[in-house]
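Remarks on the structure that follows.
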Amino acid sequence: MNDSGIRINPSILAADFVNMQAELARIATADFAHVDVMDNHFVPNLTFGPQMVERIQQTSPVPLDVHLMITDPDRWAPGYAELGAASVTFHLEAAADPRALARRLRDIGARAGIAVKPATPIDGLLDLLDDVDQILVMTVEPGFGGQSFMPETMPKLRALADEAKRRGSHVWLQVDGGIGESTIALAADAGADTFVAGSAVFGAADPDLAIAGLRAAAAQHAHDHGAK
Ligand code: DX5
Ligand code: ZN
């Protein structure tokens, strides 16, 4: 873990699924491994369930940042915290009682995160700022890796960063989708401090070098995250 207040979380959606142990070993300099759980209902794609995530958790050299793109997270999210994921993020659009769910995740010992899709306003999040450890502003439509970054999501990030600062909140602001060495600067400028990158890391010949490059590009544009 670095102490710059910037986190680079490679998404294993872009890894080779049948060589997962070797793929995880390639990202030992990352802060977290980002694990995209998709259920074919909330998004039109299907990935891992709890059994697989538990093995990934046992094998990963870095803690897990689980991103749940599933319906009914109120029912399923706590299980991911219980299996040892350091961070569990569910979608605001899918949760029946986001505050209760975030509190439950924290009680189990995980960092609690809430995500919003590109078109979802952040109004519903402002009330929840004290109950969560991370807010994920999706910078692509969730469901698939390798899509293009949507710059139109940046005003939401700026508004969240301003509000967090105003309240002295230490919430981490995460972006996910289309993050590479050029787009990471836009997101860092807008106030993001936690960056998910799939293809930009696993598509690189040397993932550690890609992680270092992303970290350096983000640092150049970072707000003051020193205390986080
Ligand atoms: C998309 C996932 C992302 C995805 C990012 O629904 O949440 O985590 O893996 O992939 P890239 O970085 O390739 O856009
Ligand atoms: Zn994700």
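Key figures
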item	result
At 0.890 mPa s and 25 °C, Stokes D of the range 127-221 from Kirkwood alpha-carbon radius, µm² per second	180 µm²/s
Given charges at beta-carbon only (K, R positive; D, E negative), |dipole| of the range 7-220 in Debye	300 debye
Neighbour-count order for 91, 34, 221, fewest beta carbons within 10 angstrom listed first	221, 91, 34
Fraction of alpha-carbon pairs over 19 Å apart in the range 1-98 - percent	39 percent
Built amide H within the under 5 Å cut-off of residue 111, gap 5+	87, 88
Net +/- balance of residues flanking residue 202 in space, Cβ distance below 13 Å, scoring K and R +1, D and E -1	-4
The chain: translational diffusion in µm²/s, Stokes-Einstein, Kirkwood Rh over Cα pairs, 25 °C, 0.890 mPa s	144 µm²/s
Pairwise label distance in nanometres, residue 41 with residue 28, each label 7 Å out on the Cα-Cβ vector	4.0 nm
Principal axis box of the range 61-181, alpha-carbon based, largest edge first, Å	35, 34, 30
Neighbour-count order for 165, 117, fewest beta carbons within 10 angstrom listed first	165, 117
Max mean-square fluctuation residue, GNM over the chain, Cα-Cα springs under 10 Å, options 111, 167, 99	167
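Taken together, the values in this text are just the output of simple stated rules run on the coordinates, not laboratory data. The model shown is predicted, which means the values in this text are computed figures rather than measured ones. Reconstructed Cβ throughout: ideal geometry from the backbone, glycine too, with neighbour counts over all protein chains shown.
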